[in-house]
């Protein structure tokens, strides 16, 4: 959906030039009204498993470990109760594996990746499947000029396995944190136990709201600090990083973080112009896009960082994956992609 279509739908007092200038976003993908977050998650996970099967790296094809854990990072579950992850695991035919949702808003994928990595290292699982799926079109007010142009829908998945630190895809170090003192800066107030009923409430209570200026300042500071901590834990200098992907929230935020950390422009990858902000799914979608275009050599030092509601933030260092990328197309011909296998030591 183009900026012009977003403006017309919500009768927004805005222009294409204003949106592009302030955010870097030209268009975003919107899921069919009949598609749920669980539908997007299942499709992305299947694409990831298909890619692993083609590479002979998953028990789905009889070789290697079968996925034995599913983590779903999402802000937009199908229902408040139960979690969406168990149904996704069932639809994938994974059997009675543990499956749970993880809510860290736009930091969700990196929170889930850090969690899966820790569980894999501990021996609690052998092949965790990490999925990030968001249908923000269900919680965004089309008449809100501050948020309607920003968000799109999408899903992506990665299948992890045990490996060595020197191989492509190896997850090396992570950093994460939160600050609940800023919990009111990014919110959907209705639908929880504080404000259970949405009927009759004003729009600002029922839909996603964000304090843009304050979020900008927090995002730049927290992402920069977290990225620096992850680099230090890995023993890398910023000049060694060959691929940097930040949460695709706003191009100005991405540039400010990369400048602060010291990442040279040629090594900054993203797809915010075409997909907008897909919240927790944005980093793996950008990774999949960069992989499909061959933008980096397998094994290259890679830095991922994100910031989201909560407030939450997280960063991960890894070696650039060497994996195929499969694409799935939404009913309205808007694609969401699956980033493929990442190995962990």
When the residues of region 279-297 are filtered to those that are over 8 Å from the mean Cα position of the chain (by Cα) and in a helix (DSSP H, G or I), which remaining residue is farthest from residue 307 (Cα to Cα)?
-> 292
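How many residues are under 24 Å from residue 248 (Cβ atoms), in a helix (DSSP H, G or I) and in contact with a helix residue (DSSP H, G or I) (Cβ under 6 Å, 6 or more places away or on another chain) if we restrict to region 74-107?
2
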Is it true that residue 110 is within 20 Å of residue 40 (Cβ to Cβ), assigned by TED's automatic domain parsing to the domain that holds residue 22, touching a helix residue (DSSP H, G or I) at 6+ places or on another chain (Cβ under 7 Å) and modelled with pLDDT of 95 or more?
-> yes
Can you name the residue in region 146-165 that is modelled with pLDDT of 95 or more and assigned to a loop (DSSP other than H, G, I, E, B) and is also surrounded by the most Cβ atoms within 10 Å (Cβ to Cβ) among such residues?
-> 152
Could you list all residues from region 202-241 that are in a loop (DSSP other than H, G, I, E, B) and buried (at least 20 other Cβ atoms within 10 Å of the Cβ)?
-> 207, 208, 241
Taking the condition closer than 30 Å to residue 13 by Cα and either touching a strand residue (DSSP E or B) at 6+ places or on another chain (Cβ under 8 Å) or free of Cβ contacts under 8 Å to residues at least 12 places away in the same chain (or both), does residue 152 pass?
-> yes
Would you be able to say whether some residue in region 177-191 is outside any helix (DSSP H, G or I), surrounded by fewer than 16 Cβ atoms within 10 Å (Cβ to Cβ) and at pLDDT below 95?
-> yes
Any residue in region 267-290 that is more than 26 Å from residue 19 (Cα to Cα), buried (at least 16 other Cβ atoms within 10 Å of the Cβ) and without any contact (Cβ under 8 Å) to a residue 60 or more places away in the chain?
-> no
Among residues of region 291-308, those that are touching a helix residue (DSSP H, G or I) at 6+ places or on another chain (Cβ under 9 Å) and either crowded, with 24+ Cβ neighbours inside 10 Å or free of Cβ contacts under 8 Å to residues at least 24 places away in the same chain (or both), counted | 7
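The values are calculated or read from the model by the stated rules, or taken from the named source; none is laboratory data. Computed from a prediction, not measured in an experiment: that's the story for all the values here. Note that each Cβ is placed from the backbone with ideal geometry, even for glycine, and that neighbours are counted across all protein chains shown.
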